[in-house]
1. If you average the sequence gap of Cα pairs under 8 Å that are 6 or more apart and divide by the length of the chain, what percent do you get for the contact order?
2. Top mean-square fluctuation among Arg19, Arg79, Arg27, Gaussian network model of the chain, C-alpha springs under 10 Å?
3. What area, in nm² and to one decimal, does the C-alpha convex hull of region 2-113 cast on average over all directions?
4. Can you tell me the 0 to 90 degree angle between the C-alpha axis of helix 89-113 and the longest principal axis of the chain, rounded to 10?
5. Put +1 on the Cβ of every Lys and Arg and -1 on every Asp and Glu Cβ in region 2-113; which of Phe35, Gly91, Pro51 then has its Cα farthest towards the positive end of the dipole?
6. Going by average Cβ density within 10 Å per residue, which order do the peptides 87-94, 101-108 take, highest to lowest?
7. Beyond 14 Å, how much of the Cα-Cα pair distribution for region 1-62 remains, as a whole percent?
8. Please give the charge dipole size of region 2-113, origin at the Cα centre, charges +1 on K and R Cβ atoms and -1 on D and E Cβ atoms. Round to the nearest 20 debye.
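No lab work stands behind these numbers, since they all come straight from the coordinates. Just so we're clear, the structure is a prediction, and the values are computed from it rather than from any experiment. Cβ: placed from backbone, ideal geometry, glycine included. Neighbour counts: every protein chain shown.
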Amino acid sequence: MSAALADALRAAGFPGVEREAGLVHGRLSALDGEFTAEETGGAWVLVLSRPVRASEAQLAGWQASHPDTPLDIHRGETRLVLRLAVGDAAGLHRWAALAEAAVLACNGWRRGQRAGGEGM
């Protein structure tokens, strides 16, 4: 089950793909963007969380640009979730683009929230 998902993520070019107890971990790049993926209910569910709490306005702005893939706040972090049909290799490439856009947005929002002199 998760072996096929892990293989599909590797084939799509995601680095750092590892399986752990039914959950697959991967990265958007070698430097950043760790996400999880699992096969559940006949779908691949990919999740990326970032350590920033996006404002309602920021979430609405994202929603306006990405109406079929909204962000939400989960456990205090901004989260992107995408459900794909099992075997949807093209969807994995879509995930890469959406998740990269979410990382860039969240990084910008985090910079806007930090105090002067505070690191990332």
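1. Values: 175 pairs, mean separation 24.6, N = 120.
Relative contact order for the chain comes out at 21 percent.
2. Arg19
3. Working: hull surface 27.5 nm².
So the Cα hull casts an average projection of 6.9 nm².
4. That helix lies at roughly 20 degrees to the long axis.
5. Looking along the dipole axis, the top candidate is Pro51.
6. Working: 87-94: 14.4, 101-108: 17.4.
By packing density, highest mean first, the sequence is 101-108, 87-94.
7. Numbers: 1125 of 1891 pairs.
Roughly 59 percent, once rounded to a whole number.
8. On the way: 11 positive and 13 negative charges, 62 e Å.
Value, rounded to 20: 300 debye.
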